[in-house]
Structure formats: C-alpha cells, structure tokens
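The next block holds one structure in the form of structure tokens; read it before the comments.
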Amino acid sequence: MTTGLQTPPTTPEPVTSSGQLRRPWDRIDTWIFAVITALTAVSRLVGLTSATDNGTPLFDEKHYVPQAWQLLESSRGPLSVGIEDNPGFGLIVHPPVAKQIIALGEWAFGYNALGWRITSALAGIAVVVLLMDIARRLTRGSRIAVIIAGAYGLADGVLFVSSRVGMLDMIQTLFIVGAVWALLIDQEDARRRLQTAALGVNSAGGAVPGAFGPYLGYRWWRLLAGGMLGLALGVKWSGLYYIAAFGLFSVFSDVVERKRAGATKPVLGGLVRDTAPALRDLVAAPLVVYFLSWRSWFAEETSVYRHISPDSRETDLARLPLFDKLPEAVQNYLHYQYSVLKFHAELTTSNGHHHPWESKPWHWLISYRPMLYYSTETTCSGGRECKGWIMLFGTPPIWWLLVPVVVWAAWRWLRHLDGRYAIVVIGFLASWLPWVISYDRQMYFFYATALIPFVLIGYALIAADLSTWQFQGRRVGLGIVIAHATLVIAAFIFWLPILTGIVLPVDNFNLRFWLPSWS
C-alpha cells in the first residue's frame with residue numbers, strides 16, 4: 001500500500017528555510033538586537049526636526065503632511081479616520097493608509113516636524129529590527145548575518161533619509177518587509193506541521209489519504225502577511241506587485257516543503273491543498289484591507305468625487321456593462337480610482353513630464369541619480385560660503401555592489417537550489433522589474449526605498465556563508481566581511497552631512513560629490 005508521504009528525516013526544531021537546525025536564542029542575541037536597535041533609534045530620532053522649510057514641511061512632505069492633518073481634523077472617531085476633500089491639493093493620487101499613520105503622529109505631537117515625521121522614524125527602526133530577525137531565520141541563527149543586516153540597515157542612506165521625512169515610502173517599506181517576515185514564520189510553521197504529520201504516519205504505520213500530504217489547517221501567520229500586503233497596497237498601488245510576487249512565492253514554497261516532507265505528488269498537493277487558501281490569505285485578504293482603508297470616503301458626503309455628476313464621470317467607465325446599475329457611491333469611487341490610474345499612466349517622459357531630479361530604474365542600481373529633499377546656503381564663521389543638503393542617497397559600498405549581490409543570490413537559488421536566497425531575488429524583482437517595464441513613466445529614486453531591504457538580506461546571507469570560508473587555516477572570509485562592514489560604516493559617516501542637512505563650507509561640501517549626476 002502506497003502512503004501519501006515517504007519516510008521523512010528527523011524533524012529539527014526550530015528550523016531554517018533550508019530545513020536545518022537553528023541555533024537557539026541566547027543572551028548574546030538579545031544584546032546584539034538591543035544594541036543595534038538602540039543605535040538605529042538614535043540615528044533616526046536625533047535631529048529629526050532640525051530641517052524644515054521655515055517651519056513648514058519640505059519636499060513632498062508638502063503633499064502628505066497637510067493631507068494627514070486634514071484626515072485628523074475631519075475625523076469623527078477612531079472608525080472614521082477622516083477624509084481628504086480640499087481641492088487645493090488637486091487630485092489625491094495615493095490611497096490613505098500612510099497618511100492615516102502620519103496623522104497618528106500629528107495627533108500625538110501636533111502639526112510640527114516631530115508630529116509628521118515620528119511615524120516614519122518608528123517605521124524605519126522597525127524595518128531594521130525585522131531585517132535582523134529575517135536574517136536570523138534564514139540562517140542557522142548566524143550572528144554575523146544578524147549584525148550585517150542590522151548594521152547595513154542602519155547605515156544605508158536611503159533607509160536613513162526615508163525614516164526622517166514625513167512621506168509614504170518608509171511606511172510602505174515597513175509593511176512589505178513585515179509581510180516577508182510573517183511569510184517566513186508561516187513557512188516554518190507549515191514545515192513543522194508537515195513533518196509532524198509525516199513522522200506520525202511513519203511511526204503508526206498508517207497512511208495519509210492520497211499522495212498530496214495533509215491539510216495544514218488555518219495559517220494565521222500567512223493571514224498576517226496578507227494583511228501587511230493589504231496595508232502596503234493601501235499606501236501605494238505598487239503594493240500590487242508584492243501581492244503577486246509573494247503569493248506565488250508562498251504557493252511554490254509549499255510545494256517544496258511537501259516534497260521535502262515526503263509527499264509523492266507535491267505539485268498536485270500544493271494545487272489542491274494550498275492554492276485556494278493562499279489566494280484567500282494573500283489576495284482576497286489584502287484587497288479587503290485595501291477597501292476598508294477607504295471606509296471614510298464612502299461614509300462622508302464631502303469626499304473627493306463622492307457626489308460627482310454622472311455627466312462628469314469617465315466615459316470609458318460608462319461603457320462598461322451594467323455600470324449604470326451600480327450604486328452611485330460605487331460608480332463615483334470607480335471614477336475616482338480610474339482618474340488616479342489615468343494620472344499615473346499619463347505622467348510619462350514622452351508626454352513632456354520632466355523633473356531635474358528624476359531617475360530611471362537602471363540608475364537606481366548604483367544610486368546614480370539621488371534625490372534632493374532640502375537645501376540651504378549661508379555664511380559660516382570667517383565669512384566662508386557654506387551649504388547644507390538633505391539627499392536621498394544610497395551609501396556607495398552598499399549600492400555599488402547591488403547588482404553582484406542580486407546576481408549571486410539568483411545563482412545560489414536557481415543553480416544550487418539554495419532557497420534562502422529566493423526572498424532576495426523575488427523581492428528585488430517585485431521592487432524593480434515593474435518599473436523597468438513602465439520605464440517611460442516619470443520616476444524618482446525614492447521608488448527604490450522598498451528595494452534595498454532585499455539586497456541587505458542578500459548581504460547578510462553572503463556574510464554568513466563567507467564568514468566560514470578559510471584559506472590555509474585562516475578565516476579569510478570573515479576578514480572580508482569585517483572589511484566591507486567597516487567600509488560601509490565609514491562611508492555612512494562620511495556622507496552623513498548630505499543625509500542630514502549639516503552645513504559645511506563649500507569646499508568640504510563638494511568633497512562628497514564624486515559623480516556629476518549626484519549634484
């Protein structure tokens with residue numbers, strides 16, 4: 001009689017993504033997490049309020065900060081969360097979730113720089129903590145991997161600056177990285193359930209019906225990942241790319257785990273047992289979260305386009321079958337969403353939209369064209385001319401090796417079947433490839449904020465592998481890891497003035513601009 005599961009190996013707990021035993025948590029791990037988290041908090045919070053435009057928001061804070069305040073001011077309670085209805089803002093082109101979160105900081109601290117930036121700072125700290133735990137879970141609890149993930153997350157200029165402005169990018173990045181973290185825990189939980197079932201079959205001498213392996217029950221960590229992805233979508237529509245990418249990642253990971261646990265037909269097992277629940281948790285649940293974020297738009301009578309006249313609606317929508325049978329609120333909501341889609345579709349270089357600091361996806365790969373957020377010129381002591389800038393700028397020792405890191409991750413995953421690197425490649429492609437496809441659209445370097453965490457995970461995995469490499473009895477690999485980490489920290493300190501707006505004499509200031517495209 002053929003069972004649905006073959007005899008599996010002994011189940012180690014806890015296990016990494018490759019099924020290997022993970023070193024238990026100890027006091028040293030606590031100290032590593034505590035120290036790096038504290039340093040990250042200091043870096044994000046000290047001087048958080050120093051740079052403003054004469055007390056007002058700077059750069060694109062000018063869009064999101066007053067919109068968040070309007071949400072707060074128009075709120076009728078915790079379930080209402082307010083609306084954005086001021087026509088002075090023009091068309092509001094992003095969903096409300098990040099602005100609702102910014103509004104929490106404004107509620108706590110008022111309409112000032114601390115109020116509108118504190119939630120981004122807290123999100124930036126949380127991202128670094130999540131990166132450390134992701135690195136720990138993907139390795140055997142490697143302390144080198146954890147330190148590299150945390151230190152590089154702290155010292156990357158893009159994550160640093162995005163954590164210190166009241167914009168959308170760091171908040172969306174938190175939800176994306178949080179979804180990855182929850183999916184990894186879900187994988188560990190699913191692996192334990194599969195192996196427990198397999199061991200039970202083997203010890204009892206019985207059989208699991210069919211060849212697909214067992215049902216795994218409800219997977220709450222996967223649902224949490226879906227909720228995070230829904231919130232990412234509720235910040236920007238680019239969250240759709242991650243829903244598609246990580247939904248496929250989850251299903252194919254289940255196939256691998258079923259095969260590893262001994263299922264004789266793992267592909268069919270994944271289709272029959274896992275696909276529908278994954279669609280529920282990673283597609284349906286995110287969409288539910290997204291639409292719930294618009295609840296105030298439907299509840300309030302003065303929301304943007306809430307009561308637009310039928311003659312003003314998009315004619316393309318009016319041609320849809322049964323469109324006129326929908327409730328008026330739904331028709332107007334679809335008109336609003338279509339108007340936003342049309343805005344993004346027409347914001348292209350070929351339509352004549354240009355910006356002095358715009359960049360394309362291939363520029364992001366080496367931080368070729370950073371983004372200027374703030375500038376000031378003054379006279380320093382001795383009558384010298386001085387300048388201060390805040391730039392969204394990728395720390396060069398991290399970004400200049402981005403392509404080799406991603407290529408190595410793809411090689412390890414596809415050629416050597418090292419599943420730890422799948423997250424690096426899938427996350428990078430979800431963050432970068434859609435923008436390459438739509439390259440004509442006007443783009444900026446802050447679109448790459450959600451990209452770099454996956455590269456940092458790649459650095460952490462490479463560091464864990466490389467640190468064990470020896471040559472003639474010497475740990476040469478560990479020396480390389482330490483040397484590169486030292487270079488990263490030194491570079492972060494060197495370029496810190498143009499990440500924080502510190503005023504420098506012009507000669508000193510210019511020393512930090514190595515490429516013409518940086519200025």
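The values are calculated or read from the model by the stated rules, or taken from the named source; none is laboratory data. Remember, it's a predicted structure, so these values are computed and weren't measured experimentally. Cβ atoms come from the backbone with ideal geometry, glycine included; neighbour counts cover every protein chain shown. Surface areas here come from the heavy atoms of the whole protein model, side chains and all, with no ligands, DNA or RNA. Shrake-Rupley method; radii C 1.70, N 1.55, O 1.52, S 1.80 Å.
Values as computed for the structure displayed
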read-out	value
Potential extension, Leu248-Trp518 segment - 0.36 nm per residue separation minus Cα distance	93.5 nm
Area accessible to solvent at Ile480, 1.4 Å probe radius, in Å²	80 Å²
Dipole-positive endmost among Val35, His94, Trp432 within the chain (Cβ charges, Cα centre)	Val35
Calculated FRET value between Asp440 and Cys380, using beta carbons and R₀ = 56 Å, to 0.05	0.80
Extension reserve of the Ile28-Tyr111 stretch, reckoned as 0.36 nm per residue once the Cα distance is removed	25.8 nm
Those lysines that a straight Cα-Cα span of less than 23 Å connects to Lys360, excepting residues fewer than 8 apart in one chain	Lys236, Lys342
Heavy-atom accessible area ranking, 1.4 Å probe, most first, across His484, His335, His353, His63	His63, His353, His484, His335
Largest to smallest accessible area among Glu61, Glu84 [probe 1.4 Å]	Glu84, Glu61
Carbon and sulfur %, accessible surface of region 446-519 computed with the full protein complex present, 1.4 Å	68 percent
Residues whose placed amide H lies under 5 Å from that of Tyr374, excluding near-sequence neighbours	Ile390
Calculated [θ] (222 nm, deg cm²/dmol) that DSSP helices of n ≥ 4 give over the chain, each run adding -39,500 (n - 2.57)	-18000 deg cm²/dmol
Surface accessible to a 1.4 Å probe, His307 within the full protein complex, Å²	90 Å²
Relative contact order (%) - criterion: Cα under 8 Å, at least six apart; region: the chain	19 percent
Local electrostatic count, Ala197, Cβ distance below 12 Å [Lys/Arg +1, Asp/Glu -1]	+4
Other-chain or far-sequence residues with amide H under 5 Å of Ala263's (modelled H)	Gln6
Cα centroid separation - region 30-85 against region 315-386, whole Å	21 Å
Per residue accessible area in Å² of region 241-326, where ligands, DNA and RNA are left out and the probe is 1.4 Å	53 Å²
Approximate spin-label separation Leu39-Val288, in nm, with each point projected 7 Å along Cα-to-Cβ	4.2 nm
Accessible area in the full protein assembly, largest first, 1.4 Å probe, for Lys99, Lys62	Lys62, Lys99
With all protein chains modelled, accessible area of Glu377 [1.4 Å, Å²]	130 Å²
Reduced Cα scattering model of region 411-470, Debye log10 I(q)/I(0), q = 0.13, 0.14, 0.18 Å⁻¹	-0.43, -0.48, -0.70
Extension gain (nm, one decimal) between Val330 and Leu414, 0.36 nm per residue minus Cα-Cα	25.7 nm
Given [x] 1.05; [y] 1.19; [z] 0.98, the label whose value is Cα Rg over 2.2 N^0.38 Å derived from this model	[x]
